[in-house]
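First the structure, in the form of structure tokens, and then the observations on it.
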Amino acid sequence: MTTKHLILAICLLSAAAAASETASVKNIEADLIGKPPSGEYGVVIEQDASLATHTIYRPAKLGAIKHPVMAWANGACKKSGLLFAEFLAEIASHGVVIIADGPPILEKRVPPEQRREPTPRPSPSSLKLDGTPLIAALDWVEARNKEQGSRYFDKIDMSKVAVMGMSCGGLMAYGASSDKRVTTVGIWNSGLLEPNAPILASLHSSVLIVTGGPQDVAHPNGLRDFETLPAAIPVFHAVRPAIGHHGTYSEDNGGPFGEVAVAWIRWQLLGDESQASKGMFVGERCSLCVNADWKVQRRGLE
């Protein structure tokens, strides 16, 4: 076979692989509210048959930058990839490939004014620090990044990886936090139910902890985590006193929690050191520090 024929064969194989991948992908119409996501990249939500257990939020056009990755776990550890659609679509629109645990199942939305804050405190044995679904998401996208013919081929920056989750999903994020690919961890309305020395000792990246006020069942857990994280771990702890356990995820573009998430991701994964991103967390007058709607603590961030 001549070099010309070899190149043609490779091109045909790559085209066939791309066509096969496209056929395995299902676009998802999510019922997003309010304004479109604020990022410059637009958003596509989809399910890929090769990772049918998850839902993907990605920039509408891949390859404008090397995209960082975020693996997300839901509240109550639910397998429902559309449960945090407003919040996740907003983050993805800034250039991030997000893989949420659970297929794109639609669940009935409950307006914030009709929600009840949980009163029972779960026992430590009732929730698991199982980061397996998040690790599976990272494994999948890393493999696609190396696979010629994949729409993700050589478009992913696996040196910029976040694992995050809300409530029980925050525990799942802790469970995945020891993975060497992880560069930042997000704990939302969550916190360890009891001190866990192995988890704390295995942390090696920055940590963001965001909760509601004292009416949030996870508030004391998040506070204790901030106080007990190893001194070498950079950490930002933000409390929204007027908000309960449900956060603002279902508000337009994720509400105030969405704004914090975007700023953190843009700084930690996209290298944005502007006042709108890094400046939200660092400096004597960081924007969250002087915002009366938030109470914050921080350590080790520069």
For the range 157-200, what is the convex hull (Cα atoms) projected area averaged across all directions, in square nanometres?
2.9
Please report Rg (one decimal) and Dmax (integer) in Å for the Cα set of the range 172-265.
12.9, 38
For the range 212-302, rounded, prolate or oblate, judged on the Cα gyration tensor with a ≥ b ≥ c (square roots of eigenvalues), a/c < 1.5 rounded, else prolate if a/b > b/c?
oblate
My understanding is that a pair violates if its Cα-Cα distance is over 25 Å; which of 26/61; 160/295; 79/128; 35/146; 66/146 do that in this structure?
160/295; 35/146
Give me the percent of accessible area attributable to carbon and sulfur for the range 203-279, probe 1.4 angstrom.
55
Given contacts defined as C-alpha pairs under 8 Å and at least six residues apart, what's the relative contact order of the chain, whole-number percent?
16
Computed helical MRE - 222 nm, the chain, DSSP H runs ≥ 4 contributing -39500 (n - 2.57), nearest 500
-8500 deg cm²/dmol
At R0 = 35 Å, how high is the FRET efficiency between residue 65 and residue 297 if r is their beta carbon distance? Nearest 0.05 is fine.
0.60
How large is the accessible surface of residue 160 in square angstrom, using a 1.4 angstrom probe and rounding to the nearest 10?
70
For the chain: Kirkwood Rh in Å [reciprocal of mean 1/r, alpha carbons]
19.7
Would you mind counting up the charge near residue 73? Only other residues with Cβ under 12 Å from its Cβ, with Lys and Arg at +1 and Asp and Glu at -1.
+1
Could you rank the peptides 292-302, 224-234, 268-278, 93-103 by their average count of other C-beta atoms within 10 Å per residue, with the highest value first?
93-103, 268-278, 224-234, 292-302
Probe 1.4 Å, heavy atoms of protein chains only: per residue, the accessible area of the chain in Å² is 45
Output the 0 to 90 degree angle, nearest 10, between the alpha-carbon long axis of helix 132-146 and the longest principal axis computed from the alpha carbons of the chain.
30
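The values are calculated or read from the model by the stated rules, or taken from the named source; none is laboratory data. Keep in mind that what you see is a predicted model, and the values were worked out from it rather than measured. With ideal geometry, Cβ positions are generated from the backbone for all residues, glycine too; neighbour counts draw on all protein chains shown. Note: accessible area is taken over every heavy atom of the protein model, side chains too, but ligands, DNA and RNA are not part of it. Shrake-Rupley method; radii C 1.70, N 1.55, O 1.52, S 1.80 Å.
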